[in-house]
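Read the figures in this text as sums done on the coordinates, not as results from a lab. All values derive from a computational prediction rather than experimental measurement. All Cβ positions, even for glycine, are placed from backbone atoms using ideal geometry, and neighbour counts span all protein chains on display.
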Amino acid sequence: MIYEIRNYHFEPTRFDAYKTWARAKALPYLKRNLNLIGFWANISAPSEVLGTPTDPLGSANITWILGWETMQQRNDDHG
């Protein structure tokens, strides 16, 4: 199994609209068409990063995890 972690940074002024869209459109699509392992949205709590953050934009405010049986499946389905 391959796990693909996708981190996204959304403009704070558009974040509430994104969450509404994600609940109504994105999550149903992802669940139907991909192996969605998890989907997280920032809850406006301070980041809990141990050590130096690796992303110059800071902590992501949206994270998805997708599962793939093989790298070939990932490339064929999503490449």
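With n ≥ 4 as the cut-off for DSSP H runs, can you work out [θ] at 222 nm for the chain, using -39500 (n - 2.57) per run divided by the number of residues, rounded to the nearest 500?
Using -39500 (n - 2.57) per qualifying helix, the result is -7000 deg cm²/dmol.
Using unit Cβ charges (K, R positive; D, E negative) and no other charged atoms, how large, in debye to the nearest 20, is the dipole of region 1-68 about its Cα centre? Each step should come with its number before you reach the end.
On the way: 7 positive and 5 negative charges, 84 e Å.
I would put it at about 400 debye.
With the crude spin-label approximation of a point 7 Å out along Cα→Cβ, what separation in nm comes out for Asp76 versus Ser59?
The modelled label-to-label distance comes out at 3.9 nm.
How far is it, in nm, from the label point at Arg6 to the one at Trp21 when both lie 7 Å from their Cα along the line to the Cβ?
Between Arg6 and Trp21, the label points sit 1.3 nm apart.
Show the residues, 5+ positions off or on another chain, whose built amide H is closer than 5 Å to the amide H of Asn35.
Gly67
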